[in-house]
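**Student:** Let me give you the structure first, and then I'll get to my questions.
Since every read-out is calculated from the coordinates, none of them should be taken as a lab result. For clarity, every value in this text was computed on a predicted model and none was experimentally measured. Don't worry about glycine lacking a Cβ; one is built from the backbone with ideal geometry, like all the others, and counts go over all protein chains shown.
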Amino acid sequence: MNEYSSEISGFHKLSIEERLKIIKEKVGLNDEETDILQNFGYFEPQAMDMLIENVIGSYQLPYSIACNFKINGNDYLVPMVLEEPSVVAAASNVARMARKYGGFHCEKIRQVMIGQIQIVNLKAVEDAVKNIEVNKEKIIRLANDQDPILIKFGGGAVDLEVRPIDTIKGPMIIVHLLVNVLDAMGANAVNTMAEAIAPLLEELSRGKVLLRIISNLATHRIAKCKATFDKDMLGGAEVVEGILNAYAFAKADPFRCATHNKGIMNGIIALTLATGNDTRAIEAGAHAYAALNGYSPLSCFEVDPFGNLVGELELPMALGIIGGLTKTHPLARISLKILGIKKAEELAQVAVALGLCQNVAALRALAAEGIQAGHMKLHKRKAEKID
């Protein structure tokens, strides 16, 4: 049991130095440990203190580059921020294999996010649904009045979906406001619009609006990718067969499927973090999408007539290149420059290609040599450097 009390009044009002002094005294940090916490790297302490509350230090992770990616005919160097050994090397290796058949082919992605408005205390659900649907254009106009800049550049609310649902608290209507957020992740714009149309929805439904918030299950912003991986470069027909068996295992068993999908997210989350995007939103959306019809793999695999492995990946990808940390974090800006992208759609295409690549790399390791071989080789190298 800790001997100190975690109750600290007004902690958020203190300076970073004052907070750190309190923590040092309470938990017994030594001077070396406090020196580490005071190293903010490329951030000014005041800038870090503006991002979140109660800051006492900065946490750093490796920043790496995955090579060999060709996506829709364009070459990319892909920034990745993560701590797991062998992931970046494996991605670079499998991306090289995909180049033989043209690399990764990604579909166009709509930049549409969902704002959810929850209506409760309904007396006549069917009448409320009809009244909202009849006034759809009026609701959309009101939403678009909130963001003239987004409208100016071609974005804004584009449609409305009305969903009556039954819950443990009785019937509700969930209104989905569909918003083209262009190159942003979109949370601020969508939430502002959802807030603005709430009073009108109350009037039309004669109910009470409660939640007005973006959904991270971005089913209108789906990224899709496909690639062919040469069987000989993978290790031969036996390895390809092993990958197919691993995929069949994931389709049949949620315990395996969770780890299968985690392998996909290894790459996607590393790129999401490197570009200053919301890793929690991307992770939540991916696993929710996998669970829409019973939890299943986000990827699928088959063989072509020549015995090569063909992989596809599909999942929501709400990534932005403007706003939030993408604007204020210096390494996020550098990451976008390294990628050389100009549109959020392009970043999502890179992410889904990286996810498919990472998935193949993990399945190949499992089917060929066991996942620990690459991990332990790099762990050993890291240990030798430390010694």
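**Student:** Return the long-range amide H neighbours of N121 (sequence gap of 5 or more, or a different chain), with a cut-off of under 5 Å between placed amide H atoms.
**Tutor:** Sorted by chain and number, the residues that satisfy this are K208.
**Student:** To continue, here is another question. Given segment 206-286, what count of lysine pairs have C-alpha atoms under 19 Å apart, with each pair 8 or more places apart or on different chains?
**Tutor:** 5
**Student:** Could I ask something else about it? Among DSSP beta bridges lying fully in the chain, give the percent that are antiparallel, nearest 5.
**Tutor:** Details: 47 of 50 bridges.
The antiparallel proportion sits near 95 percent.
**Student:** For every helix of n ≥ 4 consecutive DSSP H residues, a contribution of -39,500 (n - 2.57) applies; sum these over the chain, divide by its total residues, and give [θ] at 222 nm rounded to the nearest 500 deg cm²/dmol. Please list the in-between numbers first.
**Tutor:** Working: 16 runs with 189 residues, N = 387.
Computed mean residue ellipticity for the chain: -15000 deg cm²/dmol.
**Student:** Straight-line reach from K13: which lysines fall under 22 Å, measuring Cα to Cα and dropping same-chain residues less than 8 apart?
**Tutor:** Cross-link targets: K21, K24, K26.
**Student:** Express the relative contact order of the chain as a whole percentage, based on alpha carbon pairs under 8 Å and six or more residues apart in sequence.
**Tutor:** 19
**Student:** Tell me the net charge near H260. Cut-off is 11 Å between Cβ atoms, H260 excluded, with +1 for each Lys or Arg and -1 for each Asp or Glu. Please report the intermediate quantities before stating the final value.
**Tutor:** Working: positive: K251, R256, K262; negative: D253.
That sum, taken over residues with Cβ under 11 Å, equals +2.
**Student:** Also: Using the alpha carbon gyration tensor of segment 112-215, what are the three equivalent-ellipsoid semi-axes (square root of 5 times each eigenvalue), largest first, in whole Å? The partial results should precede the final answer.
**Tutor:** Numbers: eigenvalues 117, 36, 21 Å².
The equivalent ellipsoid of segment 112-215 has semi-axes of 24, 13, 10 Å.
**Student:** Distance between the C-alpha centers of segment 129-190 and segment 58-115? Whole Å please.
**Tutor:** For segment 129-190 versus segment 58-115, the Cα centre distance is 33 Å.
**Student:** Please check: in the Gaussian network model of the chain (C-alpha springs, under 10 Å), which one of L298, L201, L217 has the largest mean-square fluctuation.
**Tutor:** Maximum among the listed residues: L201.
**Student:** Around I173, what is the net charge, scoring Lys/Arg as +1 and Asp/Glu as -1 over all other residues with Cβ under 14 Å from its Cβ? Write down the numbers at each step before the final one.
**Tutor:** Details: positive: K123, K130, K136, R163, K169, R206, K208, R212; negative: E126, D127, E133, E161, D166, E202, E203.
Charge balance near I173 sits at +1.
**Student:** At q = 0.14, 0.16, 0.24, 0.32 Å⁻¹, what log₁₀ I(q)/I(0) does a Debye calculation on the Cα points of segment 173-216 give, no solvent, two decimals?
**Tutor:** Reported log10 I(q)/I(0), two decimals: -0.33, -0.42, -0.83, -1.25.
**Student:** At a temperature of 4 °C and a viscosity of 1.567 mPa s, determine how fast the chain diffuses translationally according to Stokes-Einstein, using the Kirkwood radius over alpha-carbon pairs as Rh; express D in µm²/s, rounded to the nearest whole number.
**Tutor:** Numbers: Rh = 23.5 Å.
The Stokes-Einstein estimate is 55 µm²/s.
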